[in-house]
Amino acid sequence: MELFWHRRDLRVADNVGLAAATGTRDDGRGPAAPVFVFDPDVLDHASDVRVRRLLDGLAALRDDYRDRGSDLLVARGAPETVLPELAAALDAERVVWNRDYSGLARERDAGVRTALNDAGIDREVLHDAVLHTPESIRTNAGDPYSVYSYYWKKWTDRVADPPAPTPDAGDLVDAGDLTAAVGTDGGAETDGGAAIDRVAVGDLPAPADLGFAEPEADVGPAGTEAARDRLDDFLSEAVFSYDAERDYPAREATSRMSAFLKYGEIGVREAYEATKDAMAMAEEKTGERDEGGDHEDGDDEGPVAAVEEYQKQLAWREFYTQVLYHNPEVVTENYKEYEEGIAWRDDPDEIAAWKRGETGYPIVDAGMRQLREEAFMHNRVRMIVASFLTKDLLADWRHGYDYFRETLADHDTANDSGGWQWAASTGTDAQPYFRIFNPMTQGERYDPDAEYIKRYVPELRGLDADLIHEWHELSPTQRANAAPNYPAPIVDHSERREEALAMYKRARGED
Ligand code: FAD
């Protein structure tokens, strides 16, 4: 028997570590007993939203095991204590898990490795979370990439592994045997004693048991089946116009796969293979178009380019994973050094208005309210609100990162710090500091009918889109007549733009 430790891979299918532990590779291994450990150190960094989303994902995972005659062991305590004890109680030969590339996780895993060594228990650690490991894609000089476009070229040329085999009933420890090994009432007593705070078979805690509240936001569906349904749906149609539509938040033209990918409820190999099937369909469509005579060679629009654009987003996720892996400090430190440091303004009232979605810039407020309601925000709007916080409010990107970490269901250390540092011009990207989004023109361009804005900002629902996009230019009387409950802009974009430029110039030592 082997013990498989689930972390950010809440799925049975296309799970490299689980496939290894269950012996579906015909190497005489398995069966596997799956466990999830609620680690107090990880919970210290969690939020109401993410705990709810995690519990939903775990419930779906447990059901997938139950469908196969097994169950999910649910433990609480420090993994370096729980895992050796549990492995001993189950008489497991080995503990197996998939790598997590963030700095904190790597520290924790090192502790678990040492504890298992001390207990004389074997372990195996596999790569699963990305198609291409952070070590595997490097410049010709052997360095990690810091420029996405070059990284993407290598990423897309590499052959991806096929999905890992899915275990079935015979590969997993029977639910009855799990119960016999750890008992039914929680608090499994092992020879080692009380170090395992609690191990139960399939018994998930409520958020309150972990010290969290039910979030106000609807965190959306969870689990492999929901992930597959959503991806299938997206790849059957919307993907073929993804490049043209993805920037328009009202159109819901993106896949909404981020939380599924973050919790590992769908494997990246499976997801990527599905995009390759979509690519084959796109090529067929393009061929048909060619025969119709309206396609030119080198056309960078159309279904093939659209599917490729989607694959590029999956590569962004892996790019930021490798940035974090090679630079674990980017979660709290600027990637790009500024000689003099950036003198952020950090006005607490302005930051609070941004969080509440009451800045008086309609597209910014719509985004912040979408976040509050859905624990999600559209990518274009994430870029707009992040630019607004850093370059209009002149607030340190870490305030934004911390707030997103608390409120996003898909919060991912690598993508979130990557996105924030991109917006703040402190990251890997070549984006110069003087490229500053204008929140009004962004709103007008990407939400021309103000459909997205009206969806989330009820105070503006009765207004014509033109008036909404001119909100910053209206007089106080015009605003009071048009939407008395919606705030005036809290800052003047043109003035703040100049201040931001000066702030960055000083930071660069140019003043
Ligand atoms: P789609 O457009 O359908 O893209 C498919 C998948 O590709 C996404 O699910 C995601 O896994 C990946 N992806 C897409 N865009 C990016 C990107 N720019 N960087 C990295 N991966 C990407 N994404 C997160 O998953 N978690 C975060 O915490 C996060 N924080 C962000 C913070 C800021 C300030 C910004 C600007 C972006 C952030 N992103 C984050 C990236 C992006 O906004 C989301 O991945 C995307 O909006 C999720 O929606 P989707 O699944 O419909 O994306």
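The values are calculated or read from the model by the stated rules, or taken from the named source; none is laboratory data. These numbers were taken from a predicted model, which means no experiment stands behind them. Here the Cβ is made from the backbone with ideal geometry for all residues, glycine too, and neighbour counts use every protein chain on show.
Among the residues of the range 312-327, the ones that are more than 9 Å from the ligand (Cβ to nearest atom) and either more than 14 Å from Asp416 (Cβ to Cβ) or without any contact (Cβ under 8 Å) to a residue 60 or more places away in the chain (or both) come to 4 in all. In the set Asp416, Asp449, Asp412, Asp429, only one residue is touching a helix residue (DSSP H, G or I) at 6+ places or on another chain (Cβ under 6 Å), under 26 Å from Tyr145 (Cα atoms) and surrounded by fewer than 19 Cβ atoms within 10 Å (Cβ to Cβ); that residue is Asp429. The residues of the range 56-113 that are among the charged types (D, E, K, R), out of contact with any Leu (no Cβ under 6 Å at 6 or more places or on another chain) and assigned to a helix (DSSP H, G or I), listed by number, are Asp56, Asp63, Asp64, Arg66, Glu80, Glu85, Arg106, Glu107, Arg108, Asp109, Arg113.
Taken over the range 469-487, the criterion of being more than 33 Å from the chain's Cα centre (by Cα), surrounded by 12 or more Cβ atoms within 10 Å (Cβ to Cβ) and not in a helix (DSSP H, G or I) is satisfied by Glu470, Leu474, Ala483. Quick check: is even one residue across the range 380-389 more than 10 Å from the ligand (Cβ to nearest atom) and in the same structural domain as Val457 (by TED's automatic domain parsing)? Checked against the condition, which is being more than 10 Å from the ligand (Cβ to nearest atom) and in the same structural domain as Val457 (by TED's automatic domain parsing), the range 380-389 yields at least one hit. Taking every residue in the range 376-399 that is over 14 Å from Ser494 (Cα atoms) and pairing it with any residue that is more than 9 Å from the ligand (Cβ to nearest atom) and β-branched (Val, Ile, Thr), at least 6 positions away or on another chain, the pairs with Cβ-Cβ distances below 6 Å are Ile384/Ile363; Val385/Val364; Ala395/Ile351; Trp397/Thr390; His399/Ile351. Residues that are under 20 Å from Glu333 (Cα atoms) and polar (S, T, N, Q) were ranked within the range 357-401; the one that is surrounded by the most Cβ atoms within 10 Å (Cβ to Cβ) is Thr390. Of the residues making up the range 252-269, just one is crowded, with 24+ Cβ neighbours inside 10 Å and at positive phi, namely Gly264. Among the residues making up the range 465-498, those that are of a type outside the set (Ser, Thr, Tyr), in contact with a helix residue (DSSP H, G or I) (Cβ under 9 Å, 6 or more places away or on another chain) and over 17 Å from Thr441 (Cβ atoms) are Gln478, Arg479, Ala482, Ala483, Pro484, Asn485, Pro487, Ala488, Ile490. Please go through the range 218-234 and give me each residue that is of a type outside the set (D, E, K, R) and either crowded, with 22+ Cβ neighbours inside 10 Å or within 10 Å of the ligand (Cβ to nearest atom) (or both), ordered by number. Within the range 218-234, Val219, Ala222, Gly223, Thr224, Ala227, Leu231, Phe234 meet the criteria.
Quick check on my filter: what residues within the range 394-444 are near the ligand (Cβ under 8 Å from one of its atoms), touching a Phe, Trp or Tyr at 6+ places or on another chain (Cβ under 9 Å) and either among the basic types (Lys, Arg) or in a loop (DSSP other than H, G, I, E, B) (or both)? Selection gives Leu408, Asp410, His411, Asp412.
Tell me, please, whether a residue that is buried (at least 21 other Cβ atoms within 10 Å of the Cβ) and in a helix (DSSP H, G or I) can be found in the range 337-349. No, the range 337-349 contains no residue that is buried (at least 21 other Cβ atoms within 10 Å of the Cβ) and in a helix (DSSP H, G or I). Can you say whether Ala352 is more than 10 Å from the ligand (Cβ to nearest atom) and surrounded by 24 or more Cβ atoms within 10 Å (Cβ to Cβ), as far as the supplied structure shows? For Ala352, the condition - more than 10 Å from the ligand (Cβ to nearest atom) and surrounded by 24 or more Cβ atoms within 10 Å (Cβ to Cβ) - is not met. Entry remark, the range 400-416: residues being in contact (Cβ under 8 Å) with a residue 60 or more places away in the chain and within 11 Å of the chain's Cα centre (by Cα) number 9 in total. Report whether or not Asp26 is surrounded by fewer than 18 Cβ atoms within 10 Å (Cβ to Cβ) and either over 24 Å from Thr321 (Cβ atoms) or at pLDDT below 95 (or both). Considered against the rule, which asks whether it is surrounded by fewer than 18 Cβ atoms within 10 Å (Cβ to Cβ) and either over 24 Å from Thr321 (Cβ atoms) or at pLDDT below 95 (or both), Asp26 comes out as yes.
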